[in-house]
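Notes to accompany the following structure.
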Amino acid sequence: MRILALLAGLALAIPAFAADVGQVKTAHGAVHIERGGQKLAVTPGMNVQQSDTIVTGADGAVGVTFSDNSLLSAGPNTVLAIDRYAFDSTTHDGMFDASVRQGTLAVVSGNIVKQTPGAMRIHTPASIMGVRGTEFVVRVNDAGR
Amino acid sequence: MGAAILAAIFAAFVFFGRESPRTYDETVIILPPPPGKSIGGVVVKRGTEEHLLNAAYASSRISGTGDVQVVQSNPTEVHASFSDVIAALPPRPATFMLYFITGKDVLTPQSEIELQGVLAEMKKRPSPDVLVIGHTDTQGGLDSNDALSLQRAERVKTFLVGIGIPPERITVAGRGDRDLLIPTGPDVDEPRNRRVEINVR
């Protein structure tokens, strides 16, 4: 219910011009992207946009390379939202906010963080991670609530 | 009797309708960096609490109603719990460096070989794309160097299209003199900084 409410909110927040911010490089099993109220099947080569929510099934996994060379992957049973992404390819200024509501995430930080440590933030139900430059993994079990 | 039933219904309503406190189960683990790279770390914030994780396998756990613990994880746990998500990470971008013959619109012989390396690298990757990044030395002003670096990148894009890479797979960027390969002061003629970098992703 809470997730539905969040998705409805995100759908309203989608800007008129949603630029491509990354590209799917790996996809296995059941994976889809929720964009503007639509469910899109995911295949390698597909572009990812700000406000997309990436959802994987029990056998699903997906990896995305972003325009600043950040790498993100989601494991099985994961809900990962790309809340906000901006990157200037000349100055490398930018910001990157993503949320993992449940499941697993692996992150290799990219040029946004190299230029501005902390400008990438990963949100979970209980915390916010400010990324200063590193590779790390996150698990959110949705056992709670 | 009727009152007792009503009381039981009321009690059940109170019990099931109550907001139980939310509980959490979250784990973060820092992975060892690739050779030669350092760990900048991750700051885990929960309310006003902050914990910096900046060593390989440093880990935070949030459990129950939200207590944060910092612990040391290990390769066994990472393998057991995260091998599928780590396997799904896209391959790291591969970098190639190209140079023009000074004063000419021609690549150096070594750079011609690098160009073929780009093609070979693309064949190894799922759904590859290419980012072409132009750089200048510190001679000239900011705006003119930004324009010049972008021109160099555009020029290399035409070479890449010429060897068969689809133009829609290529993105260009110009960094001006912000990212010097050889650090110099202002207004320094440094051929090694006048380069074009290619990321195959």
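The figures follow:
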| item | result |
| --- | --- |
| Scope segment A:92-105; condition free of Cβ contacts under 8 Å to residues at least 40 places away in the same chain, surrounded by 19 or more Cβ atoms within 10 Å (Cβ to Cβ) and either in contact with a strand residue (DSSP E or B) (Cβ under 8 Å, 6 or more places away or on another chain) or within 7 Å of chain B (Cβ to nearest Cβ) (or both); matching residues | A:G94, A:F96, A:A98, A:S99, A:T104, A:L105 |
| Failed condition for B:E190, given (1) over 20 Å from A:V21 (Cα atoms); (2) touching a helix residue (DSSP H, G or I) at 6+ places or on another chain (Cβ under 6 Å); (3) touching a residue at least 40 places away in the same chain (Cβ under 8 Å) | (2) |
| One residue from A:P117, A:P76 being farther than 26 Å from A:A30 by Cα, in a loop (DSSP other than H, G, I, E, B), within 7 Å of chain B (Cβ to nearest Cβ) and touching a residue at least 12 places away in the same chain (Cβ under 8 Å) | A:P117 |
| Tally of residues being over 20 Å from B:T108 (Cβ atoms), of a type in the set (A, V, I, L, M, F, W, C) and in a loop (DSSP other than H, G, I, E, B) across segment B:166-201 | 1 |
| The listed residue being surrounded by 11 or more Cβ atoms within 10 Å (Cβ to Cβ), within 30 Å of A:T43 (Cα to Cα), in contact (Cβ under 8 Å) with a residue 24 or more places away in the chain and more than 11 Å from chain A (Cβ to nearest Cβ), out of B:V132, B:V118 | B:V118 |
| Looking only at segment B:78-106, and only at residues there that are more than 10 Å from chain A (Cβ to nearest Cβ) and without any contact (Cβ under 8 Å) to a residue 12 or more places away in the chain, the one that is surrounded by the fewest Cβ atoms within 10 Å (Cβ to Cβ) | B:G103 |
| Top-ranked residue in segment B:35-56 [being part of a loop (DSSP other than H, G, I, E, B) and without any contact (Cβ under 8 Å) to a residue 24 or more places away in the chain; ranked as surrounded by the most Cβ atoms within 10 Å (Cβ to Cβ)] | B:I39 |
| Filter pass, B:P75 being crowded, with 20+ Cβ neighbours inside 10 Å and within 14 Å of another protein chain (Cβ to nearest Cβ) | no |
| Test for B:E168: is it out of contact with any His (no Cβ under 9 Å at 6 or more places or on another chain) and free of Cβ contacts under 8 Å to residues at least 24 places away in the same chain | yes |
| Per-region count, segment B:18-67, residues at positive phi and more than 8 Å from every other protein chain (Cβ to nearest Cβ) | 4 |
| Matching residues in segment A:84-102 - criterion: being closer than 30 Å to B:D146 by Cα and in a strand (DSSP E or B) | A:R84, A:Y85, A:A86, A:F87, A:G94, A:M95, A:F96, A:D97 |
| Filter result for the condition that a residue is more than 10 Å from chain B (Cβ to nearest Cβ), out of contact with any Pro (no Cβ under 8 Å at 6 or more places or on another chain) and at pLDDT 95 or above, over A:A16, A:A30, A:A11, A:A5 | A:A30 |
| Any hit, segment A:124-135, residues being surrounded by 21 or more Cβ atoms within 10 Å (Cβ to Cβ), within 13 Å of the chain's Cα centre (by Cα) and closer than 15 Å to A:V64 by Cβ | no |
| Flag for A:F87 being more than 8 Å from chain B (Cβ to nearest Cβ), touching a residue at least 60 places away in the same chain (Cβ under 8 Å) and either closer than 27 Å to B:G64 by Cα or not small (G, A, S) (or both) | yes |
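The values are calculated or read from the model by the stated rules, or taken from the named source; none is laboratory data. The structure presented is a predicted model; accordingly, all values stated were derived computationally and were not measured. Because the Cβ atoms are built from the backbone with ideal geometry, glycine has one as well, and the counts that use them run over all protein chains shown.
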